[in-house]
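Comments concern the structure below.
The values are calculated or read from the model by the stated rules, or taken from the named source; none is laboratory data. Since we're looking at a predicted model, the values are computed, not measured. Neighbour counts are summed over all protein chains in view; Cβ atoms, including those assigned to glycine, are modelled from backbone coordinates with ideal geometry. All accessible areas refer to the heavy atoms of the entire protein, side chains included, with ligands and DNA or RNA removed. Shrake-Rupley method; radii C 1.70, N 1.55, O 1.52, S 1.80 Å.
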Amino acid sequence: MASWNSIPLEITYQAMGWIAFFAWSISFYPQVIMNFHRKSVVGLNFDFVVLNLTKHSSYLIYNATLYFSSAVQNQYLQKYGSKEMIPVAANDVAFSSHAVLLTAITLVQIVIYERGGQTVSKITLSIVSIVWLAAGVCFFIALPNHSWLWLINIFNSIQVFMTVIKYIPQAFMNFNRKSTDGFSIGNILLDFSGGVANYGQMAVQSIDQNSWVNFYGNIGKTLLSLISIFFDLLFMCQHYLLYPDQRPLIASKISKAQEPLVKEKESEENV
């Protein structure tokens, strides 16, 4: 296994990795805190949360297995070369573990807080069921030949797929409501910072090793940052440019509909 050629680059790599870890990890808290203070999850798309849990669970399986399993590491080095470095760092495992925990807490909030009639769509439930069923089938395919690297790459592909689709329901909900009220922009700003730091970490490793294998050797991590940054920019555009300081369109219509009743009640009280 390869070692670092430059100590300053190694320190920079570790620093950027933990910056990404803290930015991504802290990004879960603004939404959780907002839900707690409001005692409501209205405005947070439930499909986003359910898909997110599957995404982070798959990513945890990939990161933890490649980081801790010597058998899988040997298979990786056999495929990409003995001089290459394992593309998963301790911060990747720590982030995935924390992400699964916080996403699960958000799901609990969805159960106990005001939902406003929102539910998880049948499409999302079907997608999640099919994905885990396919993962189970892949496990039994990999078992006879101990093709563990192939198997965890399947989980890596799952997390990329879930990353692609998980943001779409929230983006459409914001568009339909013409508002981002109830969806924490703090989450997005921190997520964006984590994605940039993650790319920086991978670039530092590539510069030190004079090789770009870690970008396509861990394509899931590469695509994770790219897709996240794209949707983060979209959500920032919705929050700051398209629907700044706007309450949900549905709520405003309800308020207008109630205005005559309020005026009538005030008139009766004056009489």
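Here are the numbers for the structure shown:
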read-out	value
Accessible area expressed per residue, the chain, with surrounding protein chains retained (probe 1.4 Å, Å²)	51 Å²
Protein accessible area in the chain, 1.4 Å probe - carbon and sulfur %	68 percent
Modelled FRET efficiency - R0 41 Å, residue 37 with residue 71, Cβ distances, 0.05 increments	0.30
Net charge, residue 231 excluded, C-beta distance under 10 Å - Lys, Arg +1, Asp, Glu -1	-1
Anisotropy class of the stretch 1-90 from Cα gyration tensor, a/c 1.5 cut	oblate
Relative contact order (%) - criterion: Cα under 8 Å, at least six apart; region: the chain	32 percent
The stretch 102-244: C-alpha gyration tensor shape, a/c 1.5 cut-off, then a/b vs b/c	oblate
Whole-number percent relative contact order across the stretch 57-209, with pairs defined as alpha carbons under 8 Å at least 6 apart	30 percent
Local net charge near residue 191, Cβ-Cβ under 15 Å (Lys/Arg +1, Asp/Glu -1)	+2
Pairwise FRET efficiency - residue 11 versus residue 105, Cβ, R0 = 25 Å, nearest 0.05	0.15
